[in-house]
Amino acid sequence: GAGADNDLYINQAVVFIEDAIQYRSINHRVDSKSLWLYRWYYSRTCQWILSLTITVILALAFVEEPSSLTVTSDMRYRLPPWNPPCGLTESVELLCFLVFVADVSVKSYLIGWKEFWKNKWLMAYILTLTVSLMDWVVSLSFSCTESLRIRRILRPFFLLQNSSMMKKTLKSINSTLPEMASVVLLLAVHLSLFTMFAMLLFARTKDNQQDKEWVVYFRNLPDSLTSLLVLLTTANNPDVMIPAYSKNRAYSIFFILFTVLGNLFLMNLLTAIIYNQFRGYLLKSVQSSLFRRRLGIRAAFEVLSTLKETPASAQQSCVSTGALQQVLQKVEMDSRCKQAILRSLKMCSCDQLSAAQFQKLFEELDKDAIKQHPPSPEYQSHFMQKLQFAFGHPYFGYLGNVVALANIISICVVLVMDADKQPSERDDFFLGAINCFFILYYLLEMLLKILAMGLRRYLSYPSNRFDGLLTVILLILEIATFAVYGFPHPGWRPEFMGLLSLWDMVRLVNMLIVFRFLRIIPNMKFMALVVTTLLDLVKNLRAFAGILVVVFYAFAITGIMLFKGAVVPLGNTSVGPMSSWNIGPTTLMTLLKNVISWCSAHFQAEGVYCLLYLLSVNLICRWAKIYFVAWWLISSVIWVNLFVALLLENFIHKWDRRCHRESLSDIEYQRTVELMFRDVLEEPTEEELMEKLHQHPHLQLCR
């Protein structure tokens, strides 16, 4: 009947608006049962379960064999790691796979068969699950003794496919690769030419004493190429030039030219190209997100315009304000945006909304998130008003910063004076006394600020929450110290009591005091700008960090499989797999003694650091260098430059806003990645939106 149709249209509009809020595609089934399943799938509980499953399956690498989950990485002192019995981690893994199977099944059903064949990510998802399950069966058939587990390398894919922003970022990176390849090729030419020059300059002579450069770094083409490649990373600088420089200082010109051309020109040119190209492709990605939002809002308008309560005499499509209010009550969205839309709706004098009016209401989603601080309390007493003015004034905060600086200086003086003293000779009276004085001042300052600002307004500032939390912790530690060791007095060196010694308690208090000094950041505008830029990167660029985790995880797992057992403990006369590398036992033991603190026994979770260090000392076979070069290209050359590009974009954007918007003390503006580019995005036209809606595989528009 008409009532059932109206309920369906209302639910469709609710889902389309939620899709617009989250920048999701609207190309999914829109019947009643599918809409219920769709909302359940994207509910917080369901998404939390999926995120937890991804975290668990990625964390399995830390307990699976070979595992290095021990307190110390030094193979001489650490205990044997715990090896779970066969079937334990496999059972957890199977549960994760079942969740992923349910996930891909629901996704495939919701988008429909036609859309499924267009979605390459879903097809790759199914292929990854199939290969992983086959490899899981092989593991059980071999009683978990097989050395190669392909599914471990595929695990990061589950993290990658679960984030739409991560997919867009990866697509942007993929589109940027052709431009980056030209500079990387130029780097390769630069490296090759200087390798040939090096082999000619440092060729072998009759005097063995003068051939140290040739023996150590430029014996043959692979060694020469590796030495200069490592020099490009500055990891072996200045070691690589010392033998030649000792022979003739003029040889330094070669290394200076190589470093200047490679590091100062080509690497910075690569950063500039990546910044320019990646920003353009990221802008296109954000533009497509804006199109999805506008399309979702327009789809909601179109389905609401087909309600039976819409006047039949209307010249154009319109939506009643009552229907929109009914939809907004069901939509899960930020309360600030919902209240703002409802206020605008009440202020509207008309009962029917056109498409333009409907779209304008939801422009609230594109605005900065504004957080306004609560007002200060109003005191009737003239004396209290004076106190409020004095302790609420910025100068009172500056005084607190000066006191905190004095505290830091006093701690530094005491640490310098006691640096060479034995613990038995140290007198903790002075440090304990000044800490007691400053902590009491911090407590008084916090209470006076709360008196002037009110508790709600005081807690609305992040700097105050940070300051107040540390003050409370310091007060608790100081009270605990007095309760256990008594009040400070000359010669205050009591015996060890409780969980921590007196010196440990004092050190902990001092570390928190030093950490508390960060409170000065909001008072220094330029420093605050830099810090907020970094915080925005942490909050808004989770997709970028997610892809970084994927890269690290994949290379770490690959390194475990390739280099497991490559480093043997000291005292072991057998060199194991390295015996084919033509490294004598004496040389091997000497090199191992140098890298013992860097490497674990079997190239496990600390593998990346170990590999980079081994690369710099050439303790690897020639074919293994391919792995290291690939890691360097992806992590240092490409990824670090991408991060610099995003950091520059965020900083420039904030700097421009700082110059064009006057800072208001009671208002905080928060922006997402999409809103960073809001000023340069183009609004989609009416024709583009309607054309896309008419192509919807499951929605039949009546008008």
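Values for this structure:
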item	result
Given (1) under 30 Å from L264 (Cβ atoms); (2) not in a helix (DSSP H, G or I), number of the condition E146 does not satisfy	(1)
Residues satisfying the stated conditions in region 217-243, i.e. modelled with pLDDT of 80 or more and aliphatic (A, V, I, L, M)	L221, L225, L228, L229, V230, L231, L232, V240, M241, I242
Residues located in region 33-64, provided they are in contact with an Asp or Glu (Cβ under 8 Å, 6 or more places away or on another chain) and of a type outside the set (A, V, I, L, M)	R39, Y42
Condition check for D19: open to solvent by 60 Å² or more (accessible area, probe 1.4 Å) and farther than 21 Å from F100 by Cα	no
Of all residues making up region 320-339, the number that are open to solvent by 30 Å² or more (accessible area, probe 1.4 Å), farther than 22 Å from D5 by Cα and either part of a helix (DSSP H, G or I) or in contact with a His (Cβ under 8 Å, 6 or more places away or on another chain) (or both)	4
Check on M166, under 27 Å from S288 (Cβ atoms) and touching a Gly at 6+ places or on another chain (Cβ under 6 Å)	yes
Within region 62-93, tally of residues that are open to solvent by 20 Å² or more (accessible area, probe 1.4 Å) and either in a helix (DSSP H, G or I) or at pLDDT 90 or above (or both)	4
Qualifying residue in region 159-175 (condition: part of a helix (DSSP H, G or I), more than 23 Å from Y553 (Cβ to Cβ), open to solvent by less than 20 Å² (accessible area, probe 1.4 Å) and out of contact with any strand residue (DSSP E or B) (no Cβ under 8 Å at 6 or more places or on another chain))	no
Segments classed as helices (runs of 4 or more DSSP H), wholly inside region 352-468, with at least 3 members that are touching a residue at least 24 places away in the same chain (Cβ under 8 Å)	355-361, 382-391, 394-417, 429-453
Flag for L52 being open to solvent by 50 Å² or more (accessible area, probe 1.4 Å), modelled with pLDDT of 90 or more and out of contact with any Ser or Thr (no Cβ under 8 Å at 6 or more places or on another chain)	yes
Test: residue in region 207-221 that is open to solvent by 40 Å² or more (accessible area, probe 1.4 Å) and touching a residue at least 40 places away in the same chain (Cβ under 8 Å)	no
Test: residue in region 108-115 that is surrounded by 12 or more Cβ atoms within 10 Å (Cβ to Cβ) and among the hydroxyl-bearing types (S, T, Y)	yes
Failed item in (1) touching a Leu at 6+ places or on another chain (Cβ under 7 Å); (2) of a type outside the set (S, T, N, Q); (3) under 30 Å from V56 (Cα atoms), with V183 passing the rest	(3)
Failed condition for P394, given (1) farther than 21 Å from T471 by Cα; (2) surrounded by fewer than 13 Cβ atoms within 10 Å (Cβ to Cβ)	(1)
Matching residues, region 82-126, being touching a Pro at 6+ places or on another chain (Cβ under 7 Å) and at positive phi	G112
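Residue by residue, here is whether (1) at negative phi; (2) basic (K, R); (3) more than 34 Å from the chain's Cα centre (by Cα) holds:
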| residue | (1), (2), (3) |
| --- | --- |
| D239 | yes, no, yes |
| A244 | yes, no, yes |
| N248 | yes, no, yes |
| F254 | yes, no, yes |
| L264 | yes, no, no |
| N268 | yes, no, no |
| Q277 | yes, no, no |
| K284 | yes, yes, no |
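Table: residues versus (1) modelled with pLDDT of 70 or more; (2) among the small types (G, A, S); (3) within 30 Å of R457 (Cβ to Cβ).
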site: N618; (1), (2), (3): no, no, no
site: V629; (1), (2), (3): yes, no, no
site: W632; (1), (2), (3): yes, no, no
site: I638; (1), (2), (3): yes, no, no
site: N650; (1), (2), (3): no, no, yes
site: E683; (1), (2), (3): yes, no, no
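The values are calculated or read from the model by the stated rules, or taken from the named source; none is laboratory data. Remember, it's a predicted structure, so these values are computed and weren't measured experimentally. Neighbour counts are summed over all protein chains in view; Cβ atoms, including those assigned to glycine, are modelled from backbone coordinates with ideal geometry. Protein only, heavy atoms only, side chains kept; ligands, DNA and RNA dropped before computing areas. Shrake-Rupley method; radii C 1.70, N 1.55, O 1.52, S 1.80 Å.
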